[in-house]
Each structure stands twice: as structure tokens, then as C-alpha cells.
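Input: a single structure, listed below in C-alpha cells.
The values are calculated or read from the model by the stated rules, or taken from the named source; none is laboratory data. Every value quoted in this text rests on a predicted model; they were computed, and no experiment measured them. Note that each Cβ is placed from the backbone with ideal geometry, even for glycine, and that neighbours are counted across all protein chains shown. To get the accessible areas, we keep the full protein, side chains included, count just its heavy atoms, and leave off ligands, DNA and RNA. Shrake-Rupley method; radii C 1.70, N 1.55, O 1.52, S 1.80 Å.
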Amino acid sequence: MKISVIIPFLNLNNYLDKCLRSVVNQTLDSSEYEIIAINDCSTDDSCKVVKQYMTREQNIILLHTAKCLGPGNARNIGLNSAKGEFIFFLDGDDYIAETALEYLYVTAMSKNSDVVSFNFTLVEKGRDLFKGGRTDFDKIIANKSDLIKNFLEMEIDGSVIYSFTKRELIEDSNIRFPSGIRFHEDCEFIFMLYYFSRNLTVFDKVLYYKSHRSTSIVNNLTNDHIYGSLSTWIRLYSFLESKEGIENFRAYYPSFLRGYIGIVANMLKRNMAFNSDTDSRDDIYRYIYNFLLQGKVFEGIELPGQSIKDKITKEFFTTFSSSLLPQQAREEFEEYVQCLEKSSS
């Protein structure tokens, strides 16, 4: 078996047909790849769609989670059953080019690749919003130290769906998606792939079509989103410190801090953009602030104030560390951000 295509899904009845059609109509012979669909407790007709394909196709496996686990844990179930030499992760609301699996397998084999990174297009209702969504290929470089720094600084896409990976690398390195994380769970996984890989390959061709939906995590913000994103960087911090040692890790700390500050700033700006209710914004601000306090990442250090994201994060931490009431802190902070963005535009 050459490839295992792993597709987690939850209530994607309106998308799965197109997704599965794109996979079963590959130029690669169906006997050379398997499709592992994992139902994460759907309550719509998603399973019926998969079962209809199973009556016609012999290479589809349908698995079920015992309870709703999120895409990362559902993918873990798929990995545990996978037999393919390579792994391809596909979200159930997306689809792929008909040549995707063949192109990626030939590329990986010819270059002896552990991971092949490829490009995508964002689509909405069948219309391309933009092509060639990845701008990070020059950051995926052979030097492992620079690669780690680039990832920590958020210069590299953290999505697993745009990478084609040798299963041996995943199993030998004991890489799995973290349990208990429902959003941004793939950042840690893809970091581990890069960290343990021996040979990375860039294949700058659009093979993946990503659906743009209003319910996407990039268009929403909850405590689960915040926890998933910020806790990932904390775990990467601990992982690198244990693997590289405290002395070697010092070389990575500035990159880690830059990335962490960037994540915080992005969350703060999304809170202002997506939460029109001031009470909800106050709750999110308080959650972020408390997480930062508990994580102690900023403890005992002087936060930089160079970039806009630096300034936003520094102002937030300073303002909410004061004795101001939540409403006053919010108003003061948001006024600062609005003035900052006006002055920089």
C-alpha cells in the first residue's frame, strides 16, 4: 500500500461527496491507496455519504470515535489503522487535484523525502479566492536550526493538510496529535515532522483546494481556540528544552518569544474583530491574561516593543496587569490598538 488518505469529519454532509469524489478519482490506481474516514460523532447524514461510496469503492474504511474528540484525535485513530507507506491528511470539507497522490508519491520516492510540502488554493462556492496560498517555501530549508527558528517565529504554515509524510517517520518518532486539544492541534504535529525529518522537499504546485467557510476557526475565537494555540507553543518550549538542553535552547528562545508574542497579538486582534459584545470581549481578554500569568512566559523579562505585534502584546499585558477594572482596561487597550493601527497605515 503506497498511501493512506486520512479524513476526519464531523457534520460535513454538504461537503463530503465532493471530498470523496476527488479522492476516488485519482490518477493513481485505487489498489495503491486506502481512504480512512473517521466519523467524529456526526449527527447529520455524513456517514451515509461515506457508506454510499463504500458500496462502489473497495479501498474505503469507515471508523468511528466513541465521543466527539476533535480532528487531531480523530486523525490519531486513522494513523493507528493506516497501512500506507505515506500519509496524506485531508479535511472532509476540502478536496484535492486528481493528480495529487500520484505527483506526491513520485516526488517523495524520487527525492527520498520524509516530508513533501505542497501548495493550495482557497475556494468559496467553487470559485478560487486566491491561488498558491503558501508563501513559506523559502523558510522550509535544510539547516535544521534555521528551520526550527523559522517555525517558532510563525514563518512556516502549521497545517498538516499541506504535507505528504512518510509513515515510518511518524511511527519511529512516535508522533501523534496532542489529546485534549480541539483547535490548532496540528501545529505541534507538523513541528515534530520537521524536527525529526531527514529530508524535506518543497513541491510548489497547487494540489489541495481549501474551502473557505464562515465557521472556520480563523473566523471565530473562543477559549478553546486560545488554549489550543498558546498551549502548543508552551509544549514546543518544553520539548525543545528537553531535546536540545538549556544551553542550546537559549539560541531558540528569541524566536520562541517572537512567535508567542505574535500569537497573543493575533488573538487580541481577532477578539476585537469577531466579538461585538463587550462582555464577551472582556471574558476573552481575561482568559488570555490569566493564561499568560499561569504560563509565566513573560515573567521576569522586558517585552520587546519594536513591531506592531510587540507593541500590542506589551500594551495588553501592561494594561491588564494594572488595577483598572475590566471595562476600563478594555477601553484603554482597544483605544491604544486603534491609534497604533491608524498611525501605521
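Computed quantities for the displayed model
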quantity	calculated
Counted residues, segment 86-129 - those being more than 20 Å from the chain's Cα centre (by Cα), part of a loop (DSSP other than H, G, I, E, B) and under 17 Å from Y162 (Cα atoms)	4
Breaking point among (1) at pLDDT 90 or above; (2) open to solvent by less than 60 Å² (accessible area, probe 1.4 Å), for R286	(2)
Hits in segment 29-78 - residues which are among the charged types (D, E, K, R), open to solvent by 20 Å² or more (accessible area, probe 1.4 Å) and in a helix (DSSP H, G or I)	E32, K48, K51
Filter result (open to solvent by 70 Å² or more (accessible area, probe 1.4 Å) and in a loop (DSSP other than H, G, I, E, B)) within segment 298-333	E299, G300, E302, Q306, S323, L325
Criterion: open to solvent by less than 40 Å² (accessible area, probe 1.4 Å), of a type in the set (F, W, Y) and either touching a helix residue (DSSP H, G or I) at 6+ places or on another chain (Cβ under 6 Å) or part of a strand (DSSP E or B) (or both) - qualifying residue of Y208, Y195	Y208
Hey, D224 under 22 Å from C68 (Cα atoms), modelled with pLDDT under 95, buried (at least 21 other Cβ atoms within 10 Å of the Cβ) and acidic (D, E) or not	no
Enumeration of residues in segment 172-186 that are surrounded by 15 or more Cβ atoms within 10 Å (Cβ to Cβ) and at pLDDT below 95	P178, I181, R182, F183, H184, E185, D186
Matching residues in segment 156-171 - criterion: being buried (at least 19 other Cβ atoms within 10 Å of the Cβ) and more than 13 Å from the chain's Cα centre (by Cα)	F164, T165, K166, L169, I170
